[in-house]
Every structure is written in structure tokens, then in C-alpha cells.
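Some notes on the structure that comes next.
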Amino acid sequence: MPWSTLGWSPSEEQLTQLQRLQEELRLWNGRLNLTRLVEGEDYWIGQVFDSLWPVVPWLQAPAAATAPLSVIDVGTGGGFPGLAIAIALPGARLTLVDSVGRKLEAVRAMATTLGLADRVDLRCERAEKTGRARGCRGRFQLAVARAVAAAPVVAEYLVPLLAPDGTALLYRGQWTIADGDALQRAAATLQVRVEPPRALDLPGGRGRRHVIALNPLGPCPAAYPRPVGVPAKHPLGDNPT
């Protein structure tokens, strides 16, 4: 694994956890078809590396001297990027959200096997409900989503979850000017600043990836997220203002 590209490398214990996570994925994938990225570089680059490179600033930062970093992964699916982040940031507390109960039960079992159960909470619900839950709204320093929906939709899911000093990370594959324009329109409604995209070519010729960070300019308006299903049907970025 080209850990040097991250400017970070796992400890022996973390590497063992990542290897054990691969074993657990193999086990559960046979039952639930969680992901096709299980073997070889599919796992180490397509899952682990792709989960971790967007959080390099947090990997390289000194451990917080006060409260642990609070992270939420919306649409975690088979546990990525959430479980990889939990392993890489041992001082973080993770909340993993997905609407598919069978997947979350597998993720719960994997977290327990890996010794992460005390730092990983799971919520089986739609992202719109999480964004309005008293225990989640405005609570997280870091909110992430990988391969969930169009960027304006993901922004509406993540921004309401952010603490005033928090950051939302949108994991993307391709990124175009049109994508950026749509996200800027959504961001104006949600009261967040869109940071310049960061891009990286994954090792092994596995494609170009982007991450876009959003930072609050003020409280997210109370109207957002809208009711379940509305953000995906009517993305905020669809209608220029």
C-alpha cells in the first residue's frame, strides 16, 4: 500500500484491524453482497485508501486535547468510509447511518469484532431524519458521504449535521464545472462555503477522485433537510437563484 502518499501510515495494531476488516467483509459479503471491493487492490485501494485520503488533514493533525473528534458517515453501506476512519482515527467517535437494516447489522457485527463497538454508533434511518434528530443536528465536527447521491443532495444531508466549526466532505469521482455550479447554488441556500475541490489519482491507475469540503457560514436554515425523498427528487442546485 502506498501509505506515503497519505503522509500517514497505520500502526501495527491498525494494520491488523484493516486486515481483519477485510476478512470480515469476505464473510459478510457472502451473505449480503455488501460490496464488490473485497480482494487485493480492490480492497486496499478502492476501499481503504479511497476512504482515507480525503481525511488526510485529520490523520496528520495531533490528537485533540479535549473532546474526541465526532464524525458521521451518511449512507455507510458496507461500512465505508466510516469503519476505515474509525480505525485510522482512534480518538474519534463515529456515527454510521444507513437505511438498510441488514447492512447495518453486518456493520455492527464487524465493528464489534474489530473492537470498535464503544466508539461506533449506528442509526438505521434515512439521512433526512438524521438531520432533524435532536442528538445529531449541529453536533458533528466531520460529516462524510461517499457515493451516495448528487452533490447538492448530499450537501442537504450533511450540512444540518455540522457543528459551527465542522466540515462536510463530499467524496466524488468525476467533478465538472456544472457540478460545481449546482453545488454553489445549494450551498448559498444552506449557508455554507464551498472550498476548492481537491483531486487525487488513485494508485494503480484506479481513477481520479475528488473531495469537496463545505464549511458553515452560519446556522443551517431550519427548513433543511426537507422531508424524506424531497432532496433527491428536487435537488437544491437544480434551480439557479
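Listed values, structure above:
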item: Elements of type helices (runs of 4 or more DSSP H) in the stretch 122-241, at least 2 residues being within 24 Å of Lys103 (Cα to Cα) and at pLDDT 95 or above; result: 127-130, 151-158, 230-233
item: Condition met for Trp58 (surrounded by fewer than 19 Cβ atoms within 10 Å (Cβ to Cβ), closer than 25 Å to Leu200 by Cα and among the hydrophobic types (A, V, I, L, M, F, W, C)); result: no
item: Qualifying helices (runs of 4 or more DSSP H) (wholly inside the stretch 1-87; at least 2 residues being in contact with a Gly (Cβ under 9 Å, 6 or more places away or on another chain)); result: 12-32, 56-60
item: Near pairs, Cβ below 9 angstrom, 6+ apart or cross-chain, from the stretch 168-195 (touching a residue at least 60 places away in the same chain (Cβ under 8 Å) and over 19 Å from Pro219 (Cβ atoms)) to any residue that is of a type in the set (Lys, Arg) and part of a strand (DSSP E or B); result: Leu169/Arg146; Tyr171/Arg146; Tyr171/Arg209
item: Leading residue by the ranking (surrounded by the most Cβ atoms within 10 Å (Cβ to Cβ)) among those in the stretch 1-49 that are touching a residue at least 40 places away in the same chain (Cβ under 8 Å) and of a type in the set (D, E, K, R); result: Glu24
item: Flag if Leu69 is free of Cβ contacts under 8 Å to residues at least 40 places away in the same chain, within 20 Å of the chain's Cα centre (by Cα), surrounded by 15 or more Cβ atoms within 10 Å (Cβ to Cβ) and closer than 28 Å to Ala155 by Cβ; result: no
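The values are calculated or read from the model by the stated rules, or taken from the named source; none is laboratory data. Given the structure is predicted, the values throughout are model-derived calculations rather than measurements. For neighbour counting, all protein chains shown are included, and Cβ atoms are generated from backbone atoms with ideal geometry for every residue, glycine included.
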